[in-house]
Amino acid sequence: MTGDGTNDAPALKRADVGFAMGISGTQIAKDACDIVLLDDNFASIVSAAKWGRNIYASVCKFLQFQLTVNIVAVSLAIVGSVVFQQSPIAAVQMLWVNLIMDSLASLALSTEPPAEKLLERPPVNRSTSLVTRQMWFNMLGQAVYQLSVTLFILFHGPEVFGVPDGNYIHEVPTAHYTILFNAFVMMTLVNEINCRKLDGEFNVFEGVCSNFWFVGVLVSTLCLQVIVVQFGREALKCVVGGLTAEQWLFCICVGLFGLVWQQILNFGVRLVARPVGRRKAGYNGGSLKFQSRTGNGYRIYSRSVPFSSSSSRSAHGRMSLRAATSPDLFQGLHLDGARAVGSPSFDGARQSNKSAGAAMGSKVRFST
């Protein structure tokens, strides 16, 4: 809704998004609206819609990334505390993970520039959940993969890597828990790239070079992780001397496999969302607003149910409508003293609707 006068204030206030003119608009209209166009240019609405959708997408990206990390971290801490009476990830290491998850990730994912294809998306209803079905698949799928890798390292890491079992050594940091911590961070950093896309796009690197902040945060986080693991020692609960080249290669590989796993998740979502069959458009759907001696009301018809005998509630009672076709519907309304005040929308033929309007004898505008 756009407006500039005082009389537009009620409509601007009730609209989902109200635009007021910044130069020619009155102060009352500006107070009642949501967005003020400072240059009085309607083309600015397109820019405002694009940036608004970009902010909404950035919030969803960060939410998807943060919830995935929280699910894995909390689950891993619970399993370790129940089985071995200690968390595999130390408190200082969890603080570093929180720094990656909150501060650095929010800076990287919230600085994505708006793309033109954002304008091709349909509007989002205010009651729609922030977490879509695709996001649920991404979060739970990535959480299952990361939790599977970390639990494998937790229970079978000493035998696979030939290192002392950190589950029973509490005095000094062990290579066992350092590998687990490093693998978890590597998978988290790679998942940050996956979280750039919300609709299951296959090319998760699209437009990454246009976001300097994202590339800078990702590279700097990776460099800091190398310093933490190799030189953190007892202060950061990492093994003295750091990890070997083979251990680093394992951590990097399980992290990069998160990209492949994301494509598997995208393919799975497409299989689940594929329609079983396509129904042909029927001639039974539609709606009609009417006024009558008994009150006002509206009639809604389903595609799957023909125009059968039913009733519609009005302001002062019930009006019985019996009709089998569009013309008969209007005849029934006309005989009952009803007058159409809306724009009927039917899936039937256009000529049938026109003949119905002629039979009713009232001015009706038909949607095609």
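The values are calculated or read from the model by the stated rules, or taken from the named source; none is laboratory data. Here the structure is a predicted model, which means the values were calculated and not measured. When we count neighbours, we look across all protein chains shown, and the Cβ atoms used for this are built from the backbone with ideal geometry, even at glycine. With ligands, DNA and RNA removed, areas are computed over all heavy atoms of the protein, side chains included. Shrake-Rupley method; radii C 1.70, N 1.55, O 1.52, S 1.80 Å.
Report, by residue number, each residue of segment 237-253 that is open to solvent by 50 Å² or more (accessible area, probe 1.4 Å) and at pLDDT below 90. If you could, list the steps in order and put the result at the bottom.
Just the residues of segment 237-253 that are open to solvent by 50 Å² or more (accessible area, probe 1.4 Å), to begin with: 237, 240-241, 244-246, 249-250, 252-253.
Residues satisfying the conditions are LYS237, VAL240, GLY241.
Can you tell me which residue is farthest from GLN262 (Cα to Cα) among those in segment 64-82 that are polar (S, T, N, Q) and open to solvent by 10 Å² or more (accessible area, probe 1.4 Å)? Lay out the reasoning, then the answer.
Filtering segment 64-82 down to residues polar (S, T, N, Q) leaves 64, 66, 68, 70, 75, 81.
After this cut, where a residue has to be open to solvent by 10 Å² or more (accessible area, probe 1.4 Å) as well, the list is 66, 70, 75, 81.
Numbers: GLN66: 16, ASN70: 18, SER75: 21, SER81: 30 Å.
Step by step, filter segment 64-82, then rank; the result is SER81.
Across segment 115-137, which residue is most open to solvent (accessible area, probe 1.4 Å) among those that are without any contact (Cβ under 8 Å) to a residue 24 or more places away in the chain and of a type in the set (Ser, Thr, Tyr)?
In the first step, residues of segment 115-137 are kept if they are without any contact (Cβ under 8 Å) to a residue 24 or more places away in the chain; the result is 117, 120, 122-123, 125, 127-129, 136.
This time we only want the ones that are of a type in the set (Ser, Thr, Tyr), so: 127-129.
Numbers: SER127: 98, THR128: 73, SER129: 71 Å².
Filtering first and then ranking leaves SER127.
What is the number of the single condition among (1) buried (at least 20 other Cβ atoms within 10 Å of the Cβ); (2) free of Cβ contacts under 8 Å to residues at least 40 places away in the same chain that THR188 does not meet?
Of (1) buried (at least 20 other Cβ atoms within 10 Å of the Cβ); (2) free of Cβ contacts under 8 Å to residues at least 40 places away in the same chain, only one is false for THR188: (2).
Checking GLN85 against (1) touching a residue at least 60 places away in the same chain (Cβ under 8 Å); (2) open to solvent by 60 Å² or more (accessible area, probe 1.4 Å): exactly one of these is not met. Which one?
(1)
Exactly one of these conditions fails for VAL226: (1) free of Cβ contacts under 8 Å to residues at least 40 places away in the same chain; (2) open to solvent by 80 Å² or more (accessible area, probe 1.4 Å). Give me its number.
Here VAL226 clears every test but (2).
So which of ILE55, ILE71 ends up being under 30 Å from ASP165 (Cβ atoms) and part of a helix (DSSP H, G or I)? Walk me through how you get there before you give the answer.
Details: ILE55 fails: under 30 Å from ASP165 (Cβ atoms).
One residue alone meets the criteria, ILE71.
Only residues that are of a type in the set (Gly, Ala, Ser), part of a loop (DSSP other than H, G, I, E, B) and either within 27 Å of PHE155 (Cα to Cα) or open to solvent by less than 10 Å² (accessible area, probe 1.4 Å) (or both): list them for segment 88-113, please. Explain how you work it out, then say what you get.
Pass one, segment 88-113, residues of a type in the set (Gly, Ala, Ser): 90-91, 103, 105-106, 108, 110.
Filter once more, so that each one left must be part of a loop (DSSP other than H, G, I, E, B): 90, 110.
Within segment 88-113, just ALA90 meets the criteria.
Restricting the search to segment 1-30, which residues are of a type in the set (D, E, K, R) and either touching a Lys or Arg at 6+ places or on another chain (Cβ under 9 Å) or surrounded by 14 or more Cβ atoms within 10 Å (Cβ to Cβ) (or both)?
Filtering segment 1-30 down to residues of a type in the set (D, E, K, R) leaves 4, 8, 13-14, 16, 30.
Hits for segment 1-30 are ASP4, ASP8, LYS13, ASP16, LYS30.
Filtering segment 38-47 down to residues that are free of Cβ contacts under 8 Å to residues at least 24 places away in the same chain and either touching a helix residue (DSSP H, G or I) at 6+ places or on another chain (Cβ under 7 Å) or assigned to a helix (DSSP H, G or I) (or both), which residue is surrounded by the fewest Cβ atoms within 10 Å (Cβ to Cβ)?
Among them, the one singled out is ALA43.
Looking only at segment 139-171, count every residue that is in contact (Cβ under 8 Å) with a residue 40 or more places away in the chain, open to solvent by less than 60 Å² (accessible area, probe 1.4 Å) and not in a helix (DSSP H, G or I) and tell me the total.
Of the residues in that region, 2 qualify.
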